[in-house]
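The values are calculated or read from the model by the stated rules, or taken from the named source; none is laboratory data. What you see is a predicted model, and the numbers here were worked out from it, not measured in a lab. Cβ: placed from backbone, ideal geometry, glycine included. Neighbour counts: every protein chain shown.
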Amino acid sequence: MADENAAEGERAEACALRPTLDVTASALWSPPDAAQRRAILRRTRVVAMIGASPKVSRASYFVATYLLTSSPYRLYFVNPRAREILGQPVYPTVADLPVRPDLVDVFRRHADLPQVLDETLAVGADTLWLQLGSHHQDVAERGAAEGLTVVTNRCLKVEHARFHGGLHLAGFDTGVITSRRQGR
């Protein structure tokens, strides 16, 4: 019994140390609602993907493939360790891009997000977009205070597909799994 209580305490402590994905509004920042996210996507022309990976098993590669084939965005990849992704050049930093991005899409660790915010503000982007599973309350609040639109815990690919009728593309609505009964 004592071992079970100790193990439960360790699990609770480990959970308390993990960054939370509870996206809560504050006095300085609140998550954009669906209409606001749609407006962001409609006004965006240039997207910089920080943390883009040339590895096909990574989420950033999947998102990049979709955006290159199914969106109107000019896409720029940022990764100091890669030279080319999907036939496109890769830049070491956002500051090295040949254009100012409208939206910075982030595939980086939680601890890196304050630095990414600083880079995003320095290049004058309009929107900082933290991918699905990524939320940093301090970054969201500081970005909003600096006039940046901040979206957290949302996938740019999924949101684009949702608002532009593309959820059937690249992995959604494949017809393999369905809730419809046979013959109907």
Exercise for review: Quick one: in the stretch 1-35, of everything that is within 15 Å of C155 (Cα to Cα) and surrounded by 10 or more Cβ atoms within 10 Å (Cβ to Cβ), which residue is modelled with the lowest pLDDT?
Suggested key: L21
Check your understanding: Which numbered condition trips up L97, out of (1) crowded, with 20+ Cβ neighbours inside 10 Å; (2) touching a residue at least 40 places away in the same chain (Cβ under 8 Å); (3) within 23 Å of R42 (Cα to Cα)?
Key -> (1)
Exercise for review: Could you list, in sequence order, all residues of the stretch 100-123 that are surrounded by 19 or more Cβ atoms within 10 Å (Cβ to Cβ) and not charged (D, E, K, R)?
Suggested key: P101, L103, V104, V106, F107, L113, V116, L117, T120
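Does V56 count as at pLDDT below 95, hydrophobic (A, V, I, L, M, F, W, C) and touching a His at 6+ places or on another chain (Cβ under 6 Å)? Even if it seems obvious, please write down each step before you answer.
Values: at pLDDT below 95: yes; hydrophobic (A, V, I, L, M, F, W, C): yes; touching a His at 6+ places or on another chain (Cβ under 6 Å): no.
In short, no.
Can you say whether S71 is touching a His at 6+ places or on another chain (Cβ under 7 Å) and either of a type in the set (D, E, K, R) or farther than 22 Å from A140 by Cα (or both), as far as the supplied structure shows?
On the way: touching a His at 6+ places or on another chain (Cβ under 7 Å): yes; either of a type in the set (D, E, K, R) or farther than 22 Å from A140 by Cα (or both): yes.
So S71 fits the description; yes.
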Point to revise | Index of the failed condition, I40 passing every other in (1) modelled with pLDDT under 95; (2) part of a helix (DSSP H, G or I); (3) of a type outside the set (F, W, Y) | key: (1)
